[in-house]
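Asks: Got a structure here, written out as structure tokens. Questions coming.
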Ligand code: NDP
């Protein structure tokens, strides 16, 4: 496993990391979480991603229990969580980045994770109704109180991140250092557009999500939605149009000869493709079972074998370039 600096921070993250969205509590209990986290850690993963809202807080509880069993040295891994949506219907406690919610929210997350601090705390989405200075001050205080070591943003516009950085710099406060955007062969816009320049200017890190587009890029949806897949889970029906889109499935099928030529699987190719982007600090992988973790962790070995011609071919398949 190779490690990359999280933007301009002194922290290094494994280029592949592991997240718990959808899976923990819904598909994986504590035992399965222990197995998967352990498989990832043994492969060199040092960053585990979570969020308050995942399974309504239960994903943090499962990870907390798993960490307790795993008894790893706290210095050897990084944990993140994210706040914004909230887990109650109470006014001021949902869809917000107000000071009250952030300060109460981090306390709840730490309790569920059974940790004294998280390494990274993200604002899970921007909140246009709370002044940016209120959010920056609250995140600064949370860091000063030792409840988080760094803070970041997820799916914020470049202009919103710039505003937060500039406010923090003006007032000598802890500024956000990392963005968590979606990035995969189907979702390249933000990383390749204005963001490329933005990440360079500010040295912002990126921990990218859904490298397999929720499993679509594995090829498992070519014959319909398998019973034991994310696409068949209750509550995730909203994903089914995406997972059965014929145009998207045709693009995935077109990747097969490239994967074959490399002697790797489709998920390994799709994950390795994300790592080709130097602005990616880490690719957060997801898995519902330990075999997938073993398979996905081998993606890092594929990266150097992907030639510029193969990258061009994939750009053509995904409409980023015209065929010559
Ligand atoms: P992926 O797009 O990689 O999807 C992972 C899912 O694909 C797995 O749960 C599994 O689902 C299937 N899969 C994975 N590997 C394989 C394989 N080798 N063969 C077959 N199927 C496979 O990532 P996620 O969407 O899970 O996102 C990763 C992480 O990113 C999350 O856990 C979370 O931490 C973070 N995230 C952050 C968001 C944000 O807003 N900041 C939003 C979403 C995710 P199954 O077996 O059930 O089909």
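The values are calculated or read from the model by the stated rules, or taken from the named source; none is laboratory data. This structure is a prediction, so every number in the text was calculated from the model and none was measured. No Cβ is skipped: glycine too gets one built from the backbone with ideal geometry, and neighbour counts run over all protein chains shown.
Asks: In the stretch 90-116, which residues are in contact with a helix residue (DSSP H, G or I) (Cβ under 7 Å, 6 or more places away or on another chain) and over 27 Å from residue 74 (Cβ atoms)?
Replies: 92, 93, 97, 98, 99
Asks: Please tell me if residue 280 is in a loop (DSSP other than H, G, I, E, B) and within 14 Å of the ligand (Cβ to nearest atom). Walk me through it before giving the result.
Replies: Values: in a loop (DSSP other than H, G, I, E, B): yes; within 14 Å of the ligand (Cβ to nearest atom): yes.
For residue 280, the condition - in a loop (DSSP other than H, G, I, E, B) and within 14 Å of the ligand (Cβ to nearest atom) - is met.
Yes/no matrix, rows are residues, columns are (1) in contact with a strand residue (DSSP E or B) (Cβ under 8 Å, 6 or more places away or on another chain); (2) in a helix (DSSP H, G or I); (3) modelled with pLDDT of 95 or more:
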| position | (1), (2), (3) |
| --- | --- |
| 208 | yes, no, yes |
| 215 | no, yes, yes |
| 222 | no, no, yes |
| 234 | no, no, no |
| 254 | no, yes, yes |
| 257 | no, yes, yes |
| 261 | no, yes, yes |
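Asks: Taking only the stretch 290-324 into account, find how many residues are assigned to a loop (DSSP other than H, G, I, E, B) and touching a strand residue (DSSP E or B) at 6+ places or on another chain (Cβ under 8 Å). Break it down into steps so the answer makes sense when it comes.
Replies: Filtering the stretch 290-324 for residues assigned to a loop (DSSP other than H, G, I, E, B) gives 302, 306-307, 318-324.
Now narrow it down to the ones that are touching a strand residue (DSSP E or B) at 6+ places or on another chain (Cβ under 8 Å): none.
Residues in the stretch 290-324 being assigned to a loop (DSSP other than H, G, I, E, B) and touching a strand residue (DSSP E or B) at 6+ places or on another chain (Cβ under 8 Å): 0 in total.
Asks: Working carefully through the options 164, 253, 259, 232, find the one that is over 20 Å from the mean Cα position of the chain (by Cα) and within 11 Å of the ligand (Cβ to nearest atom).
Replies: 232
Asks: Quick check on residue 65: is it within 12 Å of the ligand (Cβ to nearest atom), at pLDDT 95 or above, under 18 Å from residue 118 (Cα atoms) and in contact with a helix residue (DSSP H, G or I) (Cβ under 7 Å, 6 or more places away or on another chain)? Before you say what the answer is, go through the steps one by one.
Replies: Values: within 12 Å of the ligand (Cβ to nearest atom): no; at pLDDT 95 or above: yes; under 18 Å from residue 118 (Cα atoms): yes; in contact with a helix residue (DSSP H, G or I) (Cβ under 7 Å, 6 or more places away or on another chain): yes.
Judged against the criteria, residue 65 is not a match.
Asks: Restricting to the stretch 288-319, count the residues that are near the ligand (Cβ under 10 Å from one of its atoms) and either closer than 22 Å to residue 179 by Cα or surrounded by fewer than 21 Cβ atoms within 10 Å (Cβ to Cβ) (or both).
Replies: The total comes to 7.
Asks: Taking the residues in the stretch 175-203 that are assigned to a loop (DSSP other than H, G, I, E, B) and away from the ligand (no atom under 15 Å from the Cβ) as candidates, determine which candidate is farthest from residue 292 (Cα to Cα). Full working, then the answer.
Replies: Going through the stretch 175-203, the residues assigned to a loop (DSSP other than H, G, I, E, B) turn out to be 175-177, 180-181, 183, 185-186, 188, 193, 203.
Remaining after also requiring away from the ligand (no atom under 15 Å from the Cβ): 175, 177, 193, 203.
On the way: 175: 36, 177: 30, 193: 31, 203: 32 Å.
In this case the residue turns out to be 175.
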